[in-house]
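**Student:** I have a structure I would like to understand better, so I am pasting it below and will then ask my questions one at a time.
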Amino acid sequence: MYAIIATGGKQYRVQEGQHLTVEKLIGDVGDSIDLPVVLVGDGGDVTTGSDVSDRTVSATITEHGRGDKIRVFTYKNKSRQHKRRGHRQHQTTIKIDSI
C-alpha cells in the first residue's frame with residue numbers, strides 16, 4: 001500500500017516505514033504529525049478525490065536540519081556588476097508510521 005501526500009507545496013509518494021526529507025514542519029523531534037492524503041493505492045486499486053478527504057498519513061519527526069548550500073550568482077555584462085549569494089533550505093526528516 002502506498003499514498004501520495006501533500007506538504008510544503010509538493011507531493012510525495014510514501015509507504016509505511018519510509019524515511020522522507022521534506023520542507024520544514026512545525027514540531028519537535030519525536031512528535032507525531034498527520035499529513036493530508038491526495039491519493040491511496042493498494043495493488044491495482046487507486047482511490048482519489050472525496051473518498052480520501054478524511055484519510056491522513058501518520059508520521060514521526062526524526063530530525064530537523066538544513067539542506068545543501070545553493071549558490072546564486074547574478075551578473076550584468078560590461079558593467080562590472082555582480083552579486084553572489086547562498087541559500088540553505090530548512091528541512092525536516094520524517095518517518096511514515098501508518099497510512
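The values are calculated or read from the model by the stated rules, or taken from the named source; none is laboratory data. Small disclaimer: the values here were computed from a predicted structure and weren't measured. Positions of Cβ are generated from backbone atoms using ideal geometry, with glycine treated the same way; all protein chains shown enter the neighbour counts. Calculation scope for accessible area: heavy atoms of the full protein, side chains included, ligands and nucleic acids excluded. Shrake-Rupley method; radii C 1.70, N 1.55, O 1.52, S 1.80 Å.
**Student:** Positive end of the charge dipole of the chain (Lys, Arg +1 and Asp, Glu -1 on Cβ, about the Cα centre): tell me which of 39, 9, 77 has its Cα farthest that way.
**Tutor:** Farthest towards the positive pole: 77.
**Student:** Residue 73 versus residue 10, label points 7 Å from Cα toward the beta carbon: distance in nm?
**Tutor:** So the two model labels end up 2.5 nm from each other.
**Student:** Also: Please give the length that would be gained between residue 90 and residue 32 if that part of the chain were fully extended, namely 0.36 nm times their separation in residues minus their C-alpha to C-alpha distance (nm, one decimal).
**Tutor:** The span from residue 90 to residue 32 would gain 19.0 nm if fully extended.
**Student:** Let me check I've understood the local charge: for residue 76, count other residues with C-beta under 14 angstrom from its C-beta, Lys and Arg +1, Asp and Glu -1. What total comes out?
**Tutor:** Overall, the nearby charge balance is +4.
**Student:** Continuing with this model, one more query. Under the 0.36 nm per residue contour assumption, what length would be gained going from the current alpha-carbon distance of residue 18 and residue 50 to full extension? Numbers along the way, then the final one.
**Tutor:** Details: separation 32, 0.36 × 32 = 11.52 nm, distance 2.57 nm.
Net length gain for the segment: 9.0 nm.
**Student:** If you work out Cα Rg over 2.2 N^0.38 Å from the coordinates, which of (i) 1.76; (ii) 1.70; (iii) 1.47 do you get?
**Tutor:** Answer label, from the structure shown: (iii).
**Student:** Once you charge only the Cβ atoms, +1 for Lys and Arg and -1 for Asp and Glu, what is the size of the charge dipole of the chain about its Cα centre, to the nearest 20 debye?
**Tutor:** In debye, rounded to 20, the chain gives about 1680.
**Student:** Hey, what's the chain come to in accessible area per residue, 1.4 Å probe, Å²? Could you put the intermediate results ahead of the total?
**Tutor:** Values: 6950 Å² over 99 residues.
Accessible area per residue, the chain: 70 Å².
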